[in-house]
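Engineer: First, the structure itself, so that you have it in front of you.
Nothing in this text is a laboratory measurement; each read-out follows from the coordinates by a stated rule. Only a predicted model underlies this, so the values are computations on that prediction, with no experimental measurement involved. Here the Cβ positions follow ideal geometry from the backbone for every residue, glycine too, while neighbour counts run over all protein chains shown.
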Amino acid sequence: MAPIVKVSNLDKYFGRLHVLKNVSLEVSEQEVVCLIGRSGSGKSTLLRCMNFLEEPSDGSIELDGIKIEASSKGKIHRQMIHEVRLKTGMVFQEFNLFPHMSVLENVMEGPVIVKGMDQQTAMELAEKSLDSVGMLFKKDEYPARLSGGQKQRVAIARALTMEPKVMLFDEPTSALDPELIGEVLNVMKKVAKEGMTMIVVTHEMAFAREVADRVLVMSEGEMIEDSPPEELFKNPKDARTKALIERYRSGEQ
Amino acid sequence: MSLSKEEAASPTPQAELLYQAQQNKELRFRTNVALSWLFLLLFLVFIFSGQQISIGDWTFSTIKIDRTFISENLLFIAGGLGETIRISILSIIVATILALLAALGRLSTVPPVYALSTFYVSLIRGTPLYLQIFFFFLALPQLGIFLSGTVAGVLALGLNYGAYMSEIFRAGLSSVGKGQREAAMAIGMTPSQTMRRIVLPQALRFAIPPTGNEFIAMTKDSALVAATGFVHELMWRATKVGRATFHNLEGLLMAAIFYWVMTLILTSIQSRIETRLAKGDR
C-alpha cells in the first residue's frame, strides 16, 4: 500500500540545537505506529513537524499526496500547511480544550469555523463523535468540570470530528493520573480498530505492544529502530533500545 | 459516596458550633466596621457644620457652608452628572480599543508595529494627563482639526487610559497558553480565526475586572477635562457656580458628594460582576 505519510530526510534545529537528524519514515494507510524514546529524543518534535506546529529546517513531508519542502515559503506554502492540518487530527498531552466553550462547542468549533458547516449538521456530527468516545453525557459541561481522562476523550472527539486521514497523538496519557490512563487508551484502541492511521508518541509500552503495527525508536534526534513490536520487545537491535526497554520493564513492575 | 444521606444532612454538633462561632465572629467584625464608617461620616459632617467649640481658652471652628446656596444650586451641579458619565463611557470605549491594539502591537514580532506600540505607551505614560488634555485642545486646531470640547476630551482621556490599560490586555493575551493557539491551528484555524475565536474571548474575560477598576478611576479623572472650559460636566459646574459669589467650597463639596456616591455605586456593580465571573470560573 502506498504510504500516506512520508517523512524524508527531516532536520530540525532549535537555534544551534540539532533536534532531528536526517529522519525519514513512512506510514501506510490504517497503520498504527508508536514512537518511543527518552524525553528529549526528538519524538514529539518529529510529530509536531508533521502538521507543521514546528517548521522543519530541512527535508520534506508528504501527507496524503501533499508534499511540502521545508525550504519553501510564501502563500502557497502556507496554503499547503493549512491543507495538511485539515488532513491531520492532533491530540496533545495537555488536552488543550478551549475552556470558554462547552464540550459540544469545543467539538463543533472546527467543523463550523474551519469547514463552514451549518450548526445543525455540525452538531449532529459532534454528538456522534462524542458518543463514540463515551462523552456525550457531558456535552453541556465546561472542560474545567471534567476529569483529565474525560478531557482527553473530548480532545480525541474534537480531532476526529474533522474527519482527518491521520491522527497524531503527542503523549496523550502522560498528564493523566494512573487510574485515568486506561479509559483514554481504550478509546485510542477503538479508533485504531476502526481503521484510522495513527502516529502515537507514547511511554505506554503495553499499548505499543498490543496496538502498534510498528514501533519506532528515537534517540538523540535519530531514528534508531523501526520494527514490529513483538520483534522489538523480544530482541532489540540497538543497545540503546535495549536500555530503554529495560527501563520501562523495571518501571512496570 | 459511602456517606449516607442522614449523615451528610446533619453535621456533628461540634462542626456546627465551630461554624456558628466563625459566623458570629464575622458578623461582629462587619458590625464594628459599619459603626466605624458611620462615626467617620458623622465626623466629616461635623467638620462642615460651621460649629465653634470652645474648651477653656482653646477654640476650634469648623468649616462654614452656605446651605441655601447648596439647595439653590444642587440641580445645576447635578446637571453635569450626565456629561461626566457620558465622557467616561465614551473614553473607556476608546481606551479599550487602543489598549487592545497596543497590547497586540506589543506582542507583535514586526519591529515597526512593536515600536509604534511601545512609543505610544511610553509617550503617554511619560507625561501628565492634565498636560495631555490641554495639548489636545491647543494643538489639534493648529493642524486644522477642530473638535468639540467633549470629543477632544474623550480622545485625550481615551488615549491616556489606553496606554495604561494596554498592560491589562497584554497580561490577558499572555494568560492564554500556547497550547490553546496550537490546538486551534491543529484543527485548521487561520491565525485570525484563532485570535478571534480562541485567544481574544479568553483574554477579554481575564481583562474585565481590571477594566472595571479603570472605568471607576476614569469617572474621576474626567474632571480634568473641565480645565479647558468647554465641557460642562460635574467639575466644570462645581467650579463655575460659586466663583462670582465666593461660594467655591460649596460647589466643590457638592461635586465631591456626587463623585463619591457615583463611585460607591460603580464599585458595588463591579464587585457583583466579579463575583459572577468568579462563579463561572472554569
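Engineer: Where the centre of each part is set by its Cα atoms, how far does the range B:43-83 sit from the range B:218-263, in angstrom?
Structural biologist: 16 Å
Engineer: Under 18 Å Cα to Cα from A:K21, which lysines show up? Leave out anything in the same chain fewer than 8 places away.
Structural biologist: Within the straight-line limit of under 18 Å, A:K21 reaches these lysines: A:K6, A:K12, A:K43.
Engineer: Pop the C-beta distance of A:K190 and A:E124 into the FRET formula with R0 = 25 Å and round what comes out to the nearest 0.05.
Structural biologist: Values: r = 20 Å, r/R0 = 0.81.
The value I calculate is 0.80.
Engineer: If each of B:R86 and A:R145 carries a label point 7 Å out from its Cα toward its Cβ, how far apart are those two points in nm?
Structural biologist: 4.5 nm
Engineer: Then there's this: Using Cα positions and a limit of under 30 Å, work out the lysines in reach of A:K139, with same-chain residues fewer than 8 apart set aside.
Structural biologist: A:K87, A:K115, A:K128, A:K151, A:K165, A:K189, A:K190, A:K193, B:K5, B:K178, B:K279
Engineer: Give the calculated FRET efficiency between B:I97 and B:L140 to the nearest 0.05, with a Förster radius of 22 Å applied to their Cβ-Cβ distance.
Structural biologist: So, using R0 = 22 Å, E works out to roughly 0.70.
Engineer: 222 nm [θ] for the protein assembly as shown, helices only, -39500 (n - 2.57) per DSSP H run of 4+, per residue, to 500?
Structural biologist: -18500 deg cm²/dmol
Engineer: Tell me which of A:L46, A:G15, A:L25 sits at the most positive position along the dipole axis of the range A:1-56, charges placed on C-beta atoms (Lys, Arg +1; Asp, Glu -1).
Structural biologist: Highest projection toward the positive end goes to A:G15.
Engineer: To the nearest whole number, what is the average tally of beta carbon atoms from other chains within 10 Å of the beta carbons of peptide A:103-114?
Structural biologist: 3
Engineer: Could I ask something else about it? Can you give the direction-averaged projected area of the convex hull of the alpha-carbon atoms in the range B:41-173, in nm²? Could the numbers behind the result be given before it?
Structural biologist: Working: hull surface 55.0 nm².
Over every viewing direction, the Cα hull of the range B:41-173 projects on average to 13.7 nm².
Engineer: What ratio of Cα Rg to 2.2 N^0.38 Å holds for the range A:1-134?
Structural biologist: 1.19
Engineer: Divide, for the protein assembly as shown, the radius of gyration over alpha carbons by 2.2 N^0.38 Å, where N is the residue count.
Structural biologist: 1.37
Engineer: If you look at just the Cα atoms of the range A:47-102, how large are its Rg and its Dmax in Å?
Structural biologist: Over the range A:47-102's Cα set, Rg and Dmax evaluate to 13.0, 40 Å.
Engineer: Calculate, for B:L264 and A:R78, the FRET efficiency according to 1/(1 + (r/R0)^6) with r their C-beta to C-beta distance and R0 60 Å; round to the nearest 0.05. Please list the in-between numbers first.
Structural biologist: Values: r = 54 Å, r/R0 = 0.89.
Efficiency computed from Cβ-Cβ geometry: 0.65.
Engineer: With every atom except the alpha carbons ignored, what do you get for Rg and Dmax of the range B:176-282, in angstroms?
Structural biologist: 21.8, 72
Engineer: Rounding to the nearest 20 debye, state how big the charge dipole of the range A:71-214 is about its Cα centre with +1 on each Lys and Arg Cβ and -1 on each Asp and Glu Cβ.
Structural biologist: The dipole magnitude comes to about 580 debye.
Engineer: From the C-alpha gyration tensor of the range A:179-250, pull out the three semi-axes of the equivalent ellipsoid (sqrt of 5λ each), sorted largest to smallest, in whole Å.
Structural biologist: That gives 22, 14, 11 Å for the three semi-axes.
Engineer: To the nearest 20 Debye, how big is the dipole of the protein assembly as shown about its Cα centre, given +1 on the beta carbon of each Lys and Arg and -1 on that of each Asp and Glu? Present the calculation step by step, with values, prior to reporting the outcome.
Structural biologist: Values: 56 positive and 55 negative charges, 243 e Å.
About 1160 debye.
Engineer: Please list the helices of chain B that count as membrane-span-like by this rule: a mean Kyte-Doolittle hydropathy of at least -1.0 together with Cα atoms stretching 15 Å or more along the helix axis, each helix being a complete DSSP H run.
Structural biologist: What comes out of the filter, once short or polar helices are dropped, is B:13-47, B:67-78, B:81-106, B:111-125, B:129-142, B:149-175, B:200-221, B:248-279.
Engineer: Next up: For the range A:133-253, what size does the Cα cloud have along each of its three principal axes, sorted from largest down, in whole Å?
Structural biologist: Extents along the principal axes, in whole Å: 50, 32, 24.
Engineer: Cα extents of the range B:166-225 along the three principal axes, largest first, in whole Å?
Structural biologist: Extents along the principal axes: 50, 17, 14 Å.
Engineer: Pick from B:T194, B:T150, B:T96 the residue whose mean-square fluctuation is largest in a GNM of chain B, springs joining Cα atoms under 10 Å.
Structural biologist: Highest fluctuation among the options: B:T194.
Engineer: Next question. For the residue pair B:K220 and B:A78, what label-to-label distance in nm results when each label sits 7 Å from Cα along the Cα-to-beta-carbon direction?
Structural biologist: 2.4 nm
Engineer: Right, another one. If packing is taken as the average number of other Cβ atoms within 10 Å across a peptide's residues, how do B:31-39, A:37-45, B:116-124 rank, most packed first?
Structural biologist: Packing order, densest peptide first, comes out as A:37-45, B:116-124, B:31-39.
Engineer: Moving on. Measure off 7 Å from each Cα along the Cα-to-Cβ vector at A:D131 and B:F39, then give the distance between these two points in nanometres to one decimal.
Structural biologist: For the pair A:D131/B:F39, the computed spacing is 6.9 nm.
Engineer: Taking Rh as the Kirkwood radius computed over C-alpha pairs, what is the Stokes-Einstein D of chain B at 10 °C in a medium of viscosity 1.306 mPa s, expressed in µm² per second?
Structural biologist: 68 µm²/s
Engineer: Right, another one. Hey, got the dipole for chain B? About the Cα centre, +1 on K and R Cβ, -1 on D and E Cβ, debye to the nearest 20?
Structural biologist: 640 debye
Engineer: What's the local net charge at B:G188, with K and R +1, D and E -1, over the other residues with C-beta under 11 Å away?
Structural biologist: After counting each charged neighbour, the total is +1.
Engineer: Among B:Q132, B:G188, B:A223, which residue has its Cα positioned farthest towards the positive end of the charge dipole of the range B:121-270, with +1 placed on the Cβ of Lys and Arg, -1 on the Cβ of Asp and Glu, and the dipole taken about the Cα centre?
Structural biologist: Farthest towards the positive end: B:G188.
Engineer: Could you give the length gained on full extension between B:F46 and B:T245, defined as 0.36 nm per residue of separation minus the Cα-Cα distance, in nm?
Structural biologist: Using 0.36 nm per residue and subtracting the Cα-Cα distance, I get 69.2 nm.
Engineer: Just from the alpha-carbon atoms, what are the Rg and Dmax of chain A in angstroms?
Structural biologist: Values for chain A (Cα only, Rg and Dmax): 18.1, 55 Å.
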